[in-house]
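Computed from the coordinates by the stated procedures, all read-outs in this text should not be read as laboratory data. Not measured: the values here are computed from a predicted model. All Cβ positions, glycine included, derive from the backbone under ideal geometry; neighbour counts span all protein chains shown.
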Amino acid sequence: MTTRIPARFAACAAANRPALVTFVMAGDPDLATAQAILAALPAAGADIIELGMPFSDPMADGPGIQLAGQRALAAGQTLKKTLAMVAEFRKGDDATPIVLMGYYNPIYIFGVEAFIAAARQAGVDGLIVVDLPPEEDEELCIPALAAGLNFIRLTTPTTDDRRLPAVLKNTSGFVYYVSMTGITGATIKSHAAVGEAVKRIKSHTDLPVAVGFGIKTAEDAALIGRDADGVVVGTALCNALGDSLVDGKPTPGTVSAVTGLVASSPRGSGGQRPELRGASLPLAGGLSHRALSARGHRCHMRWANPAARP
Amino acid sequence: MTATGANSLRNGPDDHGRFGLYGGRFVAETLMPLILDLEAAYRKAQVDPEFQAELRDLGEHYTGRPSPLYFAERLTRHLGGAKVYFKREELNHTGSHKLNNCVGQILLAQRMGKTRIIAETGAGQHGVATATVCARFGLPCTVFMGATDVKRQWPNVLRMKMLGAEVRPVTAGAGTLKDAMNEALRDWVTNVETTYYLIGTAAGPHPYPEMVRNFQSVIGEEIKLQHQQAEGRLPDAVVACVGGGSNAIGAFHAFLDDPSVKLYGAEAGGHGIEVENGHAASMTGGRPGVLHGNRTYLLQDADGQILEGHSISAGLDYPGVGPEHSFLHDTRRVTYVPITDNEALEAFQLCTRLEGIIPALESAHAIAEVLKLAPTMGKDETIVLCLSGRGDKDVESVGRYLGLIE
């Protein structure tokens, strides 16, 4: 069994550019708007979608994603509805990988076996569960792998070479490198250190490595994307969504506030690895012509930023 | 630690940090290496005579151990049943049992070369105890405290500040202990290289529940010895309040393999166990889930979202409980009972008037259980109540409830 994830990373690699991984919170600010955002993400340039499962106590998240989760929960989001969102998305898109990201308790309460079956059924490709380290693999990781889902593990600056093999052992799909010791939305202190870490992880595994936590600007994404196979943008999208609301309610600009930001990030803007700027447009697999042409326009504008050059 | 048999209830946790189904290490990867380091450092300290000597010395000369076992004569007469003894943990330096654990953990933090201490606090008792050991050992200290608790436990906030700690009010959620713990965990993830998280209760990821229990077990060990001296035998019942449950597990642990000793944990029944989200009795009114690094009984909704809960007592106002209590609840070794806000208030006043001891509102929950229990027992039987903290911090909020203050 293989998921949509390896194919998508292979396509991005063939195009010589990092995959753009976008995080949005399921049910934020309400179910209908979140569904519309989800549907619009691939065309805006998202290669892989991380869909947040809101939780009341997101210990690893900064204010941006905390607020997104609170909005979703206040609007009545549940894990069942999140799975239904994926099923609905799949009616129109059978190529873009979807990874559910969140915390263990809602899954545990849903029931691990029932959750895995429902996730497979809905068209989920992988799981990221923040509070399940390798020490707790029996809980969800091993049954999920057995059912053909990818289990994407977080590695962090504190995961040293001694520990790394244990962390990578049951990881599949890709490795998610957390760019700093901190919560989502904090600031990356050293891009060079992130690059070194990515190289170190790649010396231990053939899996693609995506970097997340703290990627806020096109410059961040460009610098990180030189070494990483993927860059994750999350807090910035949640903040853009939050800023588009009036009295907590969505406005006509809410969907485009998110998709516009996705489209303006390096991947969305047709971004290749900076050293390939000026070469022919990448032909990523599974993407529509509409998406490609939309990206083509913005390509040089963004990458002309000197800070993003090698 | 005492050697125990194969069927002992005192063997937990196992190598994976589990007490049966409960416990574990449900934390983000960033923290995992540190938690493993902590466990290694703790294992070393456990068998290091120098560490143990230092712990004993500070216990005796700084904390003021052993704390007395006091025969509450007037309360006993008033209730007309079992003889009631108070284990006077409120007489410890800083006014609660919390210092027992803080002294142990600060020694460990020092050994690990950590240069900054963080802690969460509900009632402020653990915050004060942490700020105290940080002052004593010259380490900077940041205490996370829910904004609601900052208001209702103001005297403790002042004490922490005077001791040199930074108190960070947390406005997320209901602004109580759960939210403070989330924020402390976020700080820890961010500053993991330099920072030691001094958890105040017997909960969190392994090895905290075991470690905190062991530092608090001195309570039960002393009770055993002192009761032997006073009565020539084991007590018939031991009663303690349970929020996260550190004073309770400390009082119970020495007696887990003594089936003649009945153990009672008083949970926060708030407005009543039947009131939705109106109590903080996680074992009576919750079910198993995963939060803050461990699996344990939690107050949660059908979708696994954690509820805020409610208690008049900031120290019990937490939707979870230490994992060993969950295990002892399932095995029925300990009987956990909910005590309402009003029952605790009545017990607070009765204890104050009859014994001249103002108990913490947390401890008043345990006293309320004693009020129910003692009259049903014979005059030849004994109950030991763990009086975990003194009530100076609560006089203002109780005064307001009683209409003594505008």
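Could you work out the per residue convex hull volume over the alpha carbons of the stretch A:44-126, in cubic angstrom? Numbers along the way, then the final one.
Working: hull volume 8.8 nm³, N = 83.
Measuring per residue, one finds 106 Å³ for the Cα hull of the stretch A:44-126.
Against the empirical 2.2 N^0.38 Å scaling, what ratio does the C-alpha Rg of chain A come to? The partial results should precede the final answer.
Working: Rg = 17.8 Å, N = 310, 2.2 N^0.38 = 19.5 Å.
Computed over Cα atoms of chain A, the ratio equals 0.92.
Measuring from the lowest to the highest alpha carbon on each principal axis, how far does the stretch A:148-190 reach, largest first, in angstroms?
Over the stretch A:148-190, Cα extents along the principal axes are 35, 24, 13 Å.
Given N residues in the stretch B:216-264, what is its alpha carbon radius of gyration divided by 2.2 N^0.38 Å?
Values: Rg = 10.2 Å, N = 49, 2.2 N^0.38 = 9.7 Å.
Here the Cα radius of gyration is 1.06 times the empirical estimate.
Return the percentage of antiparallel bridges among DSSP beta bridges fully within chain A, rounded to the nearest 5 %.
Values: 1 of 28 bridges.
About 5 percent, rounded to the nearest 5.
Alpha carbon centre of the stretch B:329-406 versus the stretch B:136-204: separation in Å?
Centre-to-centre distance over Cα atoms comes out at 26 Å.
What pairs in A:K169/A:K199; B:K44/B:K178; B:K151/B:K372; B:K224/B:K372; B:K44/B:K87; B:K87/B:K224 have C-alpha atoms more than 21 Å from each other?
From the list (A:K169/A:K199; B:K44/B:K178; B:K151/B:K372; B:K224/B:K372; B:K44/B:K87; B:K87/B:K224), the Cα-Cα distance tops 21 Å for B:K44/B:K178; B:K151/B:K372; B:K224/B:K372; B:K44/B:K87.
Compute the normalised compactness of the protein assembly as shown: alpha-carbon radius of gyration over 2.2 N^0.38 Å, N being the residue count.
1.02
At a 10 Å Cβ-Cβ cut-off, how would you order B:M162, A:M180, B:M145, B:M211, fewest neighbours first?
B:M162, A:M180, B:M211, B:M145
If you check each cysteine of chain B for another cysteine whose beta-carbon is under 4.7 Å away, which ones come up empty?
If one checks each Cβ against the other cysteines of chain B, B:C102, B:C241, B:C351, B:C386 turn up with nothing under 4.7 Å.
If the elastic network links every pair of Cα atoms under 10 Å, which of A:R226, A:R162, A:R120 fluctuates the most in the Gaussian network model of chain A?
Highest fluctuation of the listed residues: A:R162.
For a quick check: sort B:H310, A:H191 by the number of other beta carbons within 10 angstrom, fewest at the front.
Going from least to most buried by this count: A:H191, B:H310.
If the elastic network links every pair of Cα atoms under 10 Å, which of B:G146, B:G59, B:G250 fluctuates the most in the Gaussian network model of chain B?
B:G59
Could you go through the stretch B:178-195 in sequence order and give the Karplus-derived ³J(HN,Hα) for each residue, using 6.51 cos²θ - 1.76 cosθ + 1.60 with θ = phi - 60°, rounded to whole Hz, and x for Gly and Pro?
Whole-Hz 3J(HN,Hα) from phi for the stretch B:178-195: 4, 5, 5, 5, 4, 5, 5, 5, 5, 5, 4, 4, 6, 10, 4, 5, 9, 9.
Could you tell me the largest-minus-smallest coordinate of the C-alpha atoms of the stretch A:1-64 on each of the three principal axes, in descending order and whole angstroms?
Principal-axis extents of the Cα atoms in the stretch A:1-64, largest first: 39, 26, 26 Å.
Have a look at A:M85, A:A44, A:G102 and report the one farthest towards the positive end of the charge dipole of the stretch A:37-105, computed about the Cα centre with Cβ charges (Lys/Arg +1, Asp/Glu -1).
Looking along the dipole axis, the top candidate is A:M85.
Based on Cβ point charges of +1 for Lys and Arg and -1 for Asp and Glu, what charge dipole magnitude is obtained for chain B about its Cα centre, in debye rounded to the nearest 20?
About 580 debye.
What is the Cα centroid distance between the stretch A:97-124 and the stretch B:42-118, reported in whole angstrom?
Measuring centre to centre over Cα atoms gives 44 Å.
D for the stretch B:276-399, whole µm²/s, Stokes-Einstein with Kirkwood Rh over alpha-carbon pairs at 10 °C and 1.306 mPa s: what number?
Translational D for this selection: 102 µm²/s.
For chain B, with a Gaussian network of springs between Cα atoms less than 10 Å apart, report the residue from B:S311, B:S246, B:S67 with the top mean-square fluctuation.
Maximum among the listed residues: B:S67.
Per 0.36 nm of contour for each residue apart, how much would the distance between B:A302 and B:A135 grow if the chain were fully extended, relative to their Cα-Cα spacing? If you can, show how the numbers build up before the last one.
Values: separation 167, 0.36 × 167 = 60.12 nm, distance 4.43 nm.
Here the answer is 55.7 nm.
Evaluate the charge dipole of the protein assembly as shown about its Cα centre and quote only its size in Debye, nearest 20, assuming +1 on the Cβ of each Lys and Arg and -1 on the Cβ of each Asp and Glu.
Taking the Cα centre of the protein assembly as shown as origin, the dipole is about 1620 debye.
Regarding the stretch B:50-98, what is the average projected area of its C-alpha convex hull, in nm²?
4.1 nm²
Of B:G278, B:G309, B:I357, which is farthest towards the positive pole of the stretch B:271-358's charge dipole, taken about the Cα centre with +1 and -1 on the beta-carbons of Lys, Arg and Asp, Glu respectively?
B:I357
Measure out, as a whole number of angstrom, how far apart the alpha-carbon centroids of the stretch B:278-319 and the stretch A:15-55 sit.
Rounded to whole Å, the Cα centres lie 32 Å apart.
May I ask which residue of A:M180, A:A15, A:T217 lies farthest towards the positive end of the charge dipole of the stretch A:4-308, with charges of +1 (Lys, Arg) and -1 (Asp, Glu) on Cβ and the Cα centre as origin?
Comparing the listed Cα positions along the dipole, A:A15 ranks first.
Restricting things to alpha carbons, tell me how big chain B is in terms of Rg and Dmax, in Å.
According to the Cα coordinates of chain B, Rg and Dmax are 19.4, 58 Å.
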